[in-house]
Amino acid sequence: MTANVDAFDAWIRSSFVEMNTELEELYFGQEDRANVEGVGDAIKAQLRDEGRKFVRALMIEGNTDEGFDCAFGLLGDLGLYLAALRRHELTNPAREKKSPFHEASALGLHIGASLGVAPRFATSHLSTHNFAIDGKPKSFTSLKDEYLFLDLNTRGIFSYKRAADALMRIAPLGVSHPVALMLFEDAKCALDDVSRYDDALFDQLDTDRFFYCVRPYYKPYRVGRQEYRGANAGDFSGINEIDLLLGLCRANDPYYAQLLVDKMLFMMPADQASLRDCMRRKPLLDELLDAREKHSGERWFKDAARAFLAVCDAHGAAAARHHDRLVARFIDKPSKSLETRHLEQLTASGPPLPVLLNALAILRDLRMAANRSDIPTAYARLQELRAAID
Ligand code: HEM
């Protein structure tokens with residue numbers, strides 16, 4: 001790390017967190033908790049100006065190439081700073097044609113383009129690649145609900161990655177290999193863990209604190225001219241690898257393929273490569289259905305199909321929890337009590353809330369292989385497999 005990178009990182013881990021937390025307490029103490037205008041203006045200006053000094057020095061230094069972790073870590077720090085400016089309404093893509101933060105944009109574009117990722121902070125900066133110092137990972141605030149959210153998100157993401165890793169290892173063995181059963185079981189356990197962490201969030205996270213003080217840092221913002229959507233816990237390849245390897249979603253479904261293309265740059269380069277690899281593989285569901293005619297009476301086929309179906313059920317159960325519990329409790333419900341002017345702000349530059357909810361419901365139903373005739377779910381094909389082992 002260069003001295004400038006170090007200094008900026010130290011600021012992001014200290015004064016930046018203190019100022020954000022102070023502002024959150026001011027907003028949250030109001031009768032209208034969603035109001036940001038005219039509150040804590042001196043702190044907002046301090047946050048903007050202190051950050052700008054570090055960013056200017058880094059932009060002039062130019063040479064940020066001290067290895068991927070260093071450049072990626074710096075992009076994360078820069079992204080946290082820009083996301084905070086957006087959260088405190090010091091920038092808003094709906095009223096601007098380009099980011100008012102020229103130095104930060106130049107630095108972000110430089111690093112993002114050189115690494116092959118979006119020039120903003122992504123989920124991995126606050127989860128799988130959030131380097132802790134002295135037991136403390138990075139965060140926007142020191143609020144306990146943000147810590148809880150980040151901790152459980154990270155656990156959920158790693159659990160999805162474990163499931164994807166196990167399924168990926170089945171392809172070179174083939175579904176009839178005796179050890180494939182162990183890998184199916186590993187994937188199921190990992191997906192059960194995802195549900196467990198979802199349940200912990202559901203039980204422990206405070207709705208208002210999350211809605212008013214944590215989620216606003218995940219809004220879209222501009223870097224240069226272009227607006228980049230907010231980060232979300234789904235910006236890693238593992239969940240899509242599971243979708244594709246199981247055969248619940250298809251890379252040639254235009255809706256799903258579009259989603260993959262759109263999220264590609266929000267993932268780490270290694271995730272991008274592994275997702276591309278999965279897009280070329282034959283789904284396990286197809287392997288099993290192809291084997292059905294010749295082998296459905298055999299022990300290995302019944303065992304493998306049962307183990308495969310148990311993984312599909314666990315994946316569907318986690319998807320249902322995400323949508324029907326987490327999204328419903330922490331986004332949909334609180335947004336209903338929001339004043340219209342704030343609701344516009346909530347959805348500004350992102351898709352309107354009903355559109356977002358509908359898109360998430362489609363993903364849930366694909367993963368659950370729901371019986372829907374309007375989208376291409378795996379319902380009928382899973383029924384065929386179930387029938388073959390009954
Ligand atoms: C308080 C908890 C959570 C809430 C309220 C929540 C809400 C959301 C919302 C609203 C989106 C849509 C993206 C957007 O906001 O623009 C999303 C996407 C996503 N979230 Fe969560 N989420 C939560 C926790 C988690 C956890 C723990 C995981 C597990 C890793 C997760 C996995 C995903 C995935 C994979 C996506 C991408 C869409 C998909 O492929 O389904 N989320 N989430």
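For this structure, a couple of remarks:
- The criterion of being in contact (Cβ under 8 Å) with a residue 24 or more places away in the chain, surrounded by 18 or more Cβ atoms within 10 Å (Cβ to Cβ), more than 24 Å from the chain's Cα centre (by Cα) and not in a helix (DSSP H, G or I) does not hold for LEU385.
- Subset of segment 168-187 (residues that are under 21 Å from the mean Cα position of the chain (by Cα) and away from the ligand (no atom under 16 Å from the Cβ)): MET168
- Of the candidates ALA118, ALA104, the single residue that is in a helix (DSSP H, G or I) and touching a residue at least 60 places away in the same chain (Cβ under 8 Å) is ALA104.
- None of SER139, SER127 is within 10 Å of the ligand (Cβ to nearest atom), modelled with pLDDT of 95 or more, under 25 Å from ASP271 (Cβ atoms) and not assigned by TED's automatic domain parsing to the domain that holds ALA318 except SER127.
- Only a single item in (1) surrounded by 20 or more Cβ atoms within 10 Å (Cβ to Cβ); (2) over 30 Å from PHE28 (Cα atoms); (3) of a type in the set (D, E, K, R); (4) within 12 Å of the ligand (Cβ to nearest atom) is not met by ASP198, and it is number (2).
- When ILE133 is tested against the conditions (1) at pLDDT 95 or above; (2) buried (at least 22 other Cβ atoms within 10 Å of the Cβ); (3) closer than 29 Å to HIS110 by Cβ, the lone failure is (2).
- Looking only at residues in segment 142-167 that are within 23 Å of HIS315 (Cβ to Cβ) and either of a type in the set (D, E, K, R) or not assigned by TED's automatic domain parsing to the domain that holds ASP206 (or both), the one that is nearest to the ligand (Cβ to nearest atom) is ARG155.
- Listed by first and then second residue, the pairs with beta-carbon distance under 7 Å, at least 6 apart or on different chains, first residue in segment 320-339 and touching a residue at least 60 places away in the same chain (Cβ under 8 Å), second aromatic (Phe, Trp, Tyr), are ARG325/PHE202; LEU326/PHE202; ARG329/PHE202; PHE330/PHE210; PHE330/PHE211; PRO334/PHE211.
- Enumeration of residues in segment 12-25 that are in contact with a helix residue (DSSP H, G or I) (Cβ under 7 Å, 6 or more places away or on another chain) and closer than 14 Å to LYS136 by Cα: ILE12
- Residue within segment 18-27 that is assigned by TED's automatic domain parsing to the domain that holds THR91, more than 23 Å from ASN92 (Cβ to Cβ) and part of a helix (DSSP H, G or I) present: yes
- Where helices (runs of 4 or more DSSP H) fall entirely within segment 252-353, those with at least 3 residues that are more than 16 Å from the ligand (Cβ to nearest atom) and crowded, with 20+ Cβ neighbours inside 10 Å are at 284-295, 299-320.
- Some residue of segment 270-287 being farther than 19 Å from ARG162 by Cα, without any contact (Cβ under 8 Å) to a residue 40 or more places away in the chain and aliphatic (A, V, I, L, M): no
- Annotation note: of ASP208, ASP203, the sole residue that is in the same structural domain as PRO351 (by TED's automatic domain parsing), free of Cβ contacts under 8 Å to residues at least 24 places away in the same chain and either on the phi > 0 side of the Ramachandran plot or within 16 Å of the ligand (Cβ to nearest atom) (or both) is ASP203.
- Any hit, segment 243-251, residues being buried (at least 17 other Cβ atoms within 10 Å of the Cβ), modelled with pLDDT under 95 and assigned by TED's automatic domain parsing to the domain that holds TYR218: yes
- Annotation: GLU185 fulfils all but one of (1) in a helix (DSSP H, G or I); (2) closer than 23 Å to LEU275 by Cβ; the unmet one is (2).
- Selection status of ALA7, under 23 Å from HIS102 (Cβ atoms), touching a residue at least 40 places away in the same chain (Cβ under 8 Å) and over 26 Å from the mean Cα position of the chain (by Cα): yes
- Single residue of ARG56, ARG86 found to be in contact with a Lys or Arg (Cβ under 9 Å, 6 or more places away or on another chain), in a helix (DSSP H, G or I) and touching a residue at least 24 places away in the same chain (Cβ under 8 Å): ARG86
- Whichever residue in segment 221-235 is more than 13 Å from the ligand (Cβ to nearest atom) and assigned to a loop (DSSP other than H, G, I, E, B) and, among such residues, is surrounded by the most Cβ atoms within 10 Å (Cβ to Cβ): GLY224
The values are calculated or read from the model by the stated rules, or taken from the named source; none is laboratory data. Since this is a predicted model, take the numbers as computed values, not measurements. Every residue, glycine as well, gets a Cβ built from its backbone with ideal geometry; the counts of neighbours run over all protein chains shown.
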